[in-house]
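Working notes, structure below.
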Amino acid sequence: MAGKTAFETKYGFARKDVRLDNWRLTPFSRWSFQNVGELVPSVHVAAAPGGEEQAKSLASLLGEKVGLAGGSETVEAFLKRSDTDGLAIMKSGRLVGDWSAPHMPFGQRHIIFSISKSLTAVLAGILEGEDVFDVEAPVTHYIPEAKGSAYGDASVRNVLDMTVSLDFEEAYLDPESAFARYRRATLWNPGGGSESLAAFLLTIQRLAEPHGQTYRYRSPNSDMLGILVERASGKRVNDLLSEKLWLPLGAANEMSITVDMEGTARTAGGMSMTPRDLARIGEMMRQGGTANGRRIVPETWVRDTVAAGGSYEAWQRGTMAFLFPKGRYRNKWYQMGTASGAFCGIGIHGQWLYVNPRDEVVIAKMSSQPEPVDDQLDVDIVGFFEALSGMV
């Protein structure tokens with residue numbers, strides 16, 4: 001019997017075992033979350049010249065204890081318990097260090113799932129600052145064919161703040177749901193290719209409740225936002241990312257984003273990048289929309305997004321108030337409502353971009369948690385970030 005390949009030794013399974021019907025399941029996700037482009041069509045955004053510096057160890061921090069609701073544990077133990085693949089920490093604009101699981105090489109891209117929503121909203125903010133995009137306009141101003149769908153009487157603001165009264169459920173694990181059909185349209189599930197993402201979005205109908213009243217986490221809103229910014233700008237999302245964000249940011253590594261049968265970007269969850277480049281996004285937001293001495297996003301938009309805007313009442317009517325009891329949601333970023341002024345982007349399976357303005361700390365955490373959503377672990381992760389911010 002032949003010995004194990006290097007791949008099998010590293011991951012515990014063979015590459016041929018990873019398929020479109022299981023790539024989000026454990027243990028295969030440990031590899032697939034770093035290599036989505038081998039499974040789903042993707043486009044790429046080049047990095048600035050110069051490349052990345054070498055990894056910087058967090059060894060001095062790993063043995064430190066953090067106190068959580070269930071007791072204390074070391075930083076390293078928590079990273080392993082929460083299935084962390086890669087971590088990057090910045091303090092006052094400087095890199096504190098990196099941590100990688102044995103199966104994730106330093107400098108490897110990793111899918112960020114719904115933090116993609118937050119980055120797409122940054123594009124919307126940039127275009128608004130250029131007077132190219134009106135975030136208070138009706139969706140039909142840019143997409144007239146949305147008239148017969150739930151978006152027919154919704155505003156771009158409703159789309160940005162997840163307050164579209166959308167008759168759709170995020171049923172991640174139900175293969176017979178509308179969500180499964182949605183994933184087929186994105187080419188994330190087997191059986192796709194007969195219905196485009198845009199065509200699917202325009203079939204979703206609305207609930208009886210008026211738009212704007214309740215925060216409802218519905219991923220199709222963020223794919224609709226990607227189409228909106230393309231219609232407003234006349235450019236594809238990957239070109240906008242390159243021109244408006246990735247190159248001005250000084251990102252050191254290429255990023256990618258999955259696309260459907262028509263080349264429409266999966267702006268709700270298809271972006272992949274390195275932990276350090278994700279942390280650079282957080283630092284840009286912490287700095288009020290600037291990076292490398294250059295303004296990227298209007299300061300007024302950043303302030304509205306991370307501190308001032310969003311409806312507390314709409315958030316309280318939603319299903320995530322348990323995580324941030326004093327929180328709000330604005331422009332696809334979460335205001336956590338804590339004394340530190342922290343805000344974040346979150347993706348399923350444990351993707352986090354946490355920004356703590358008071359302590360000047362940014363933490364990018366990429367993971368392969370077995371469950372798409374784990375409420376108790378999310379609470380622990382928030383506590384971990386708060387503790388870690390006081391330690392670095």
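The values are calculated or read from the model by the stated rules, or taken from the named source; none is laboratory data. Only a predicted model underlies this, so the values are computations on that prediction, with no experimental measurement involved. As a convention, Cβ positions derive from the backbone with ideal geometry for all residues, glycine included, and neighbour counts pool all protein chains shown.
Values for this structure:
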| read-out | value |
| --- | --- |
| Matching option when the condition is in a helix (DSSP H, G or I) and touching a helix residue (DSSP H, G or I) at 6+ places or on another chain (Cβ under 7 Å), among 306, 379, 362 | 306 |
| Near pairs, Cβ below 8 angstrom, 6+ apart or cross-chain, from the range 124-136 (closer than 20 Å to residue 221 by Cβ) to any residue that is among the aliphatic types (A, V, I, L, M) and not in a helix (DSSP H, G or I) | 124/135; 125/297; 126/296; 126/297; 128/135 |
| Residue identified as surrounded by 15 or more Cβ atoms within 10 Å (Cβ to Cβ) and either small (Gly, Ala, Ser) or more than 23 Å from residue 329 (Cα to Cα) (or both) among 194, 155 | 155 |
| Scope the range 2-61; condition surrounded by 17 or more Cβ atoms within 10 Å (Cβ to Cβ), of a type outside the set (S, T, N, Q) and in contact with a Lys or Arg (Cβ under 7 Å, 6 or more places away or on another chain); matching residues | 11 |
| Enumeration of residues in the range 71-92 that are surrounded by fewer than 16 Cβ atoms within 10 Å (Cβ to Cβ) and under 16 Å from residue 385 (Cβ atoms) | 72, 74, 77, 81 |
| Hits in the range 215-272 - residues which are among the aromatic types (Phe, Trp, Tyr) and either crowded, with 22+ Cβ neighbours inside 10 Å or farther than 30 Å from residue 320 by Cα (or both) | 215, 246 |
| Of all residues in the range 294-318 being aliphatic (A, V, I, L, M) and in contact with a Gly (Cβ under 9 Å, 6 or more places away or on another chain), the one that is farthest from residue 215 (Cα to Cα) | 296 |
| Hits in the range 160-181 (condition: crowded, with 21+ Cβ neighbours inside 10 Å and farther than 16 Å from residue 200 by Cβ) | 160, 161, 162, 163 |
| Selection count, the range 373-384, where residues are hydrophobic (A, V, I, L, M, F, W, C), more than 17 Å from the chain's Cα centre (by Cα) and either buried (at least 17 other Cβ atoms within 10 Å of the Cβ) or over 16 Å from residue 342 (Cβ atoms) (or both) | 2 |
| Some residue of the range 191-205 being among the aliphatic types (A, V, I, L, M), more than 23 Å from residue 316 (Cα to Cα), in contact with a Leu (Cβ under 9 Å, 6 or more places away or on another chain) and in contact (Cβ under 8 Å) with a residue 24 or more places away in the chain | yes |
| So residue 115, is it surrounded by 24 or more Cβ atoms within 10 Å (Cβ to Cβ), of a type in the set (A, V, I, L, M, F, W, C) and more than 18 Å from residue 212 (Cα to Cα) | yes |
| Residue within the range 285-292 that is at pLDDT 95 or above and either assigned to a strand (DSSP E or B) or touching a Ser or Thr at 6+ places or on another chain (Cβ under 6 Å) (or both) present | yes |
| Residue count, the range 174-198 (criterion: outside any loop (DSSP other than H, G, I, E, B) and more than 23 Å from the chain's Cα centre (by Cα)) | 0 |
